[in-house]
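Trainee: Below is one structure. I have some questions about it.
The values are calculated or read from the model by the stated rules, or taken from the named source; none is laboratory data. It should be emphasised that the depicted structure is a prediction, and the values quoted were computed from it without experimental measurement. Heads up, the Cβs are rebuilt from the backbone with ideal geometry, glycines too, and the neighbour counts pull from every protein chain shown.
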Amino acid sequence: MILSHPEYFAAIVEAGSLTRASELLYVSQPYLSQYLKRLEANLGVELFNHRTSPLRLTWFGEQYYQYICQMLQISEALRREFHDAQNFESGRLRLGLALWRGSCLLPDVFPVFHKRYPKIRLELTEGRSSQLETALLNDKLDIAVMNLPLTLSYHKLACETIFEERILLAVPTGSSYETDMQKDCRYLDGFPCVPLDFLRQIPLILTKPGQNFTHAISYALGKNNIEPNILLETANLTTAINLAAAGIASTFIPAEGAKAGNRDHKLTYFIVDLPEMIQPVSVVYPKTACLTRLSKLFIETLKEVLGE
């Protein structure tokens with residue numbers, strides 16, 4: 001049985017005490033204490049270990065808390081859905097983008113979306129895939145756009161692929177090995193293909209471990225027994241690209257990034273013809289929450305603009 005005000009129970013859990021929860025909810029502590037007693041009596045179980053401070057959930061309490069959180073998420077999603085319909089597609093869309101992805105995705109997508117739906121306000125959060133995943137699970141985001149990490153909580157999050165993206169090799173134009181790589185090479189999708197043996201010879205700048213993009217490259221190279229000649233590792237992909245454009249070394253870049261600009265023709269892009277060098281770019285959202293009308297509109301725009 002669920003009493004009215006399920007948010008009261010969630011507040012007690014998150015505050016860790018009845019006193020703090022009553023302050024946050026602007027209700028008296030005796031009232032909140034009676035609320036909890038009635039709830040436990042109706043359920044027939046203890047939800048908290050009342051002998052500890054701060055309050056700790058029992059096993060029954062943990063299960064009930066998960067249920068309450070799901071119910072509140074669904075209720076909020078439904079409220080937003082009704083609000084969207086009532087206000088003719090106006091409102092707020094909380095969008096998450098993986099680091100660096102926004103710089104090459106938003107210039108293509110946002111102008112189209114904003115022209116069609118000028119009353120929708122985009123609230124943008126940028127971060128690593130793991131940070132976006134946490135935000136989605138905590139109802140801080142409606143949707144996120146990212147490459148899917150292997151560690152994603154697939155049992156809690158739904159994924160919808162927008163397009164398949166190649167990882168390209170950005171080589172300093174005019175460098176000695178760029179000329180050698182172009183000799184007698186075949187072309188694929190308009191790009192020259194790099195002979196795999198060159199990946200063992202040429203100096204490379206890679207992004208540091210811990211990033212989804214880095215893992216994809218390391219996996220592809222390792223699976224194909226390619227030991228790269230790493231000159232430098234950086235946490236910032238833009239740094240790697242700018243260094244490559246300065247002629248220092250080559251680096252890897254998502255194809256969408258290559259479309260965004262070629263640094264005044266200082267870079268030549270090559271395809272690494274390995275299946276592991278193709279990644280899906282996907283929209284991710286919680287399974288427990290219904291997609292709002294605004295989210296669906298943005299996903300439709302993504303597919304239209306980038307699905308090509």
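Here is a yes/no grid of residues against (1) surrounded by 16 or more Cβ atoms within 10 Å (Cβ to Cβ); (2) in contact with a Leu (Cβ under 9 Å, 6 or more places away or on another chain); (3) farther than 30 Å from Tyr285 by Cβ; (4) among the charged types (D, E, K, R):
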{"residue": "Leu18", "(1), (2), (3), (4)": "yes, yes, yes, no"}
{"residue": "Leu24", "(1), (2), (3), (4)": "no, no, no, no"}
{"residue": "Val45", "(1), (2), (3), (4)": "no, no, yes, no"}
{"residue": "Asn49", "(1), (2), (3), (4)": "no, yes, yes, no"}
{"residue": "Ile68", "(1), (2), (3), (4)": "yes, no, no, no"}
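Trainee: Another one. Which of the residues belonging to the stretch 136-157 are among the small types (Gly, Ala, Ser) and either modelled with pLDDT under 90 or surrounded by fewer than 16 Cβ atoms within 10 Å (Cβ to Cβ) (or both)?
Mentor: Step one: filter the stretch 136-157 for residues among the small types (Gly, Ala, Ser), giving 144, 153.
Across the stretch 136-157, the qualifying residue is only Ser153.
Trainee: Which condition from (1) more than 25 Å from Glu126 (Cβ to Cβ); (2) among the charged types (D, E, K, R); (3) in contact with a helix residue (DSSP H, G or I) (Cβ under 7 Å, 6 or more places away or on another chain); (4) in a helix (DSSP H, G or I) is the one that Glu256 breaks?
Mentor: With (1) more than 25 Å from Glu126 (Cβ to Cβ); (2) among the charged types (D, E, K, R); (3) in contact with a helix residue (DSSP H, G or I) (Cβ under 7 Å, 6 or more places away or on another chain); (4) in a helix (DSSP H, G or I) applied to Glu256, the lone miss is (1).
Trainee: Just for helices (runs of 4 or more DSSP H) wholly inside the stretch 109-228: which have at least 1 residues that are out of contact with any strand residue (DSSP E or B) (no Cβ under 8 Å at 6 or more places or on another chain) and in contact (Cβ under 8 Å) with a residue 60 or more places away in the chain?
Mentor: Values: elements: 129-137, 176-182, 212-223.
The qualifying helices (runs of 4 or more DSSP H) are 212-223.
Trainee: Among Leu78, Leu93, Leu97, which is assigned to a strand (DSSP E or B), under 12 Å from Thr292 (Cα atoms) and either out of contact with any helix residue (DSSP H, G or I) (no Cβ under 8 Å at 6 or more places or on another chain) or at pLDDT 85 or above (or both)? Even if it seems obvious, please write down each step before you answer.
Mentor: Details: Leu78 fails: assigned to a strand (DSSP E or B); Leu97 fails: under 12 Å from Thr292 (Cα atoms).
Answer to the check: Leu93.
Trainee: For Glu40, indicate whether it is surrounded by 16 or more Cβ atoms within 10 Å (Cβ to Cβ), assigned by TED's automatic domain parsing to the domain that holds Gly61, acidic (Asp, Glu) and modelled with pLDDT of 85 or more. Even if it seems obvious, please write down each step before you answer.
Mentor: On the way: surrounded by 16 or more Cβ atoms within 10 Å (Cβ to Cβ): yes; assigned by TED's automatic domain parsing to the domain that holds Gly61: yes; acidic (Asp, Glu): yes; modelled with pLDDT of 85 or more: yes.
Taking the combined requirement at face value, the residue satisfies it.
Trainee: Moving on to the next point. Could you please let me know if Leu95 is in contact with a Gly (Cβ under 8 Å, 6 or more places away or on another chain), within 19 Å of Tyr285 (Cα to Cα) and touching a residue at least 24 places away in the same chain (Cβ under 8 Å)?
Mentor: Numbers: in contact with a Gly (Cβ under 8 Å, 6 or more places away or on another chain): no; within 19 Å of Tyr285 (Cα to Cα): yes; touching a residue at least 24 places away in the same chain (Cβ under 8 Å): yes.
Answer is no for this residue.
Trainee: Within the stretch 1-48, which helices (runs of 4 or more DSSP H) (wholly inside it) include 2 or more residues that are more than 37 Å from the chain's Cα centre (by Cα) and farther than 15 Å from Leu72 by Cα? Don't jump to the end; show me each part of the working.
Mentor: Working: elements: 6-15, 18-25, 29-43.
So the answer is 29-43.
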